[in-house]
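Quick notes on the structure that follows.
The values are calculated or read from the model by the stated rules, or taken from the named source; none is laboratory data. Please read all numbers here as calculations on a predicted model, not as lab measurements. Using ideal geometry, Cβ is built from the backbone for each residue, glycine included, and neighbour counts are taken over all protein chains shown.
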Amino acid sequence: MKQNSFLLSFFLLLSISFFSCTQKLPPHTEYVMGTICTINLFDQGTEELYRELFDRLYTLESVLSANLQNTDISEINNASGVIPVQANPETIELLKEALLFSQKTEGSFDPSIGPLVKAWNIGTDYAAIPSQKELQTALSLIDFHKVIINSQNNTVFLEKKGMKLDLGAIAKGYAADELKKIILSHNIHQAIIDLGGNILTIGKKTSNKDWNIGIRDPQISNGNPILTLPIQDKSVVTSGIYERYFEQEGKKYHHILDIKTGYPVENDLLSVTIITGKSIEADGLSTSVFVLGSEKGKTLLRGFPDTEAIFIFKDKHIEATGELASRIHLLSSEYTLTQ
Ligand code: FAD
Ligand code: MG
């Protein structure tokens, strides 16, 4: 799960130092969307507002989950090859965003990846390497061109029977942006939203201090941060080999999948972190850049101004875009940092 443990403890540290000077409700943590979600409103958190925020998350889950029954996504999936299904406008909006990433990555990022996700079951107790036949069947059902949206009547149709949507690569970013809207509507300008490591900060830590966000060593489970970076009013989202995986015969199989081979993506990267204003963009981009690999990923990033990235490579070097490297605080002597 995306940097969960580390970020939670790091977050706790942030909180402790802040709590010492102000009276407030503690941050709220609940398990939603298959992951640990924490919201910290510091000295402005009330029971009612935390409830409103988590209720919004549960509502989004009840619309966007591919695992629960009667959600938009599961109904669209169940009707694949048969009939278009009416969906909530926000499902349509999110799906359209996801399909933009499909176009920009020539299908390496594909929200119709559902059959392959289900074939691997990574993150569940049933995770296992699928047979070649299962993989071929799943791969034959993935094609974002066959996801047909009718914006006039808000329907989605998956053209081939057996096709399935899975918005796991982008929905938490969308959810974080939605929470931010609620927080700002209450005139609160200092908060951290952490949806399973999908971080969105609002404002600054204090009037003259940025938030300090840590990025984990992708090779060590629950390891210490290998670097920290100061940010304000930004989302920080990482996709990598360590978020969800299982091990079989000494080999790790992670959850970001290659739609050509059907296997977990293998390239030069251990993880990619995206730093940008909107969390949906950070989430969509982090998965997209990870599946593309560093070279094509950098080309994709050129189309996203005001976006910074940190690449952690298998050969233990770290690259940061633009002037970001000068702001990063490297904590590990095992890694080298370049611009
Ligand atoms: P990201 O890099 O952001 O995304 C990786 C995920 O995207 C994969 O897990 C897969 O789902 C998908 N993906 C893989 N390869 C590709 C590709 N090539 N193109 C496009 N997408 C790809 N998990 C549970 O275990 N139980 C639940 O009940 C559950 N409910 C959820 C409900 C919702 C609404 C959402 C959004 C997610 C849910 N999850 C659930 C998934 C869980 O939270 C995932 O760990 C998470 O979505 C993966 O995101 P990430 O940030 O770790 O990685
Ligand atoms: Mg993502």
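Taken together, the residues in region 167-218 that are within 16 Å of ligand 2 (Cβ to nearest atom) and of a type in the set (A, V, I, L, M) amount to 11. Would you confirm, using the coordinates I've provided, whether ASP177 is part of a strand (DSSP E or B), in contact (Cβ under 8 Å) with a residue 60 or more places away in the chain and among the charged types (D, E, K, R)? For ASP177, the condition - part of a strand (DSSP E or B), in contact (Cβ under 8 Å) with a residue 60 or more places away in the chain and among the charged types (D, E, K, R) - is not met. The condition (being within 16 Å of ligand 2 (Cβ to nearest atom) and under 21 Å from GLU323 (Cβ atoms)) is satisfied by just one residue among SER279, SER235, SER294, SER239: SER235. Of all the numbered requirements in (1) modelled with pLDDT under 95; (2) within 16 Å of ligand 1 (Cβ to nearest atom), ASP55 misses one, and that requirement is (1).
Restricted to region 69-90, and to residues there that are exposed (fewer than 13 other Cβ atoms within 10 Å of the Cβ) and assigned to a loop (DSSP other than H, G, I, E, B), the residue that is nearest to ligand 1 (Cβ to nearest atom) is GLN69.
For region 273-288, residues that are more than 10 Å from ligand 1 (Cβ to nearest atom) and either under 10 Å from GLY173 (Cα atoms) or part of a helix (DSSP H, G or I) (or both) total 4. The set of residues in region 275-291 that are hydroxyl-bearing (Ser, Thr, Tyr) and crowded, with 24+ Cβ neighbours inside 10 Å comprises SER279, SER286, THR287, SER288. The single residue among LYS172, LYS181, LYS205, LYS161 that is at pLDDT below 95 and not hydrophobic (A, V, I, L, M, F, W, C) turns out to be LYS205.
Name the single residue, out of those in region 315-333 being touching a residue at least 60 places away in the same chain (Cβ under 8 Å) and farther than 21 Å from GLU295 by Cβ, that is surrounded by the fewest Cβ atoms within 10 Å (Cβ to Cβ). Filtering region 315-333 for residues that are touching a residue at least 60 places away in the same chain (Cβ under 8 Å) and farther than 21 Å from GLU295 by Cβ, the one surrounded by the fewest Cβ atoms within 10 Å (Cβ to Cβ) comes out as HIS329. For first residues located in region 28-43 and within 11 Å of ASP194 (Cα to Cα), partners that are among the aliphatic types (A, V, I, L, M) and lie 6+ apart or on another chain with Cβ distances below 6 Å form the pairs HIS28/ILE39; THR35/MET1; CYS37/LEU195; ILE39/LEU53; ILE39/ILE193; ASN40/ILE192.
For region 261-276, what are the residues that are among the acidic types (Asp, Glu) and either in contact with a strand residue (DSSP E or B) (Cβ under 9 Å, 6 or more places away or on another chain) or within 13 Å of ligand 2 (Cβ to nearest atom) (or both)? Hit for region 261-276 is ASP268, nothing else. Among all residues of region 24-46, there is none that is out of contact with any strand residue (DSSP E or B) (no Cβ under 8 Å at 6 or more places or on another chain) and under 21 Å from LYS260 (Cβ atoms). Exactly one residue among LYS133, LYS172 is assigned to a helix (DSSP H, G or I) and within 19 Å of LEU100 (Cα to Cα), and that residue is LYS172. Note on region 196-253: residues that are in a loop (DSSP other than H, G, I, E, B) and touching a Pro at 6+ places or on another chain (Cβ under 8 Å) amount to 4.
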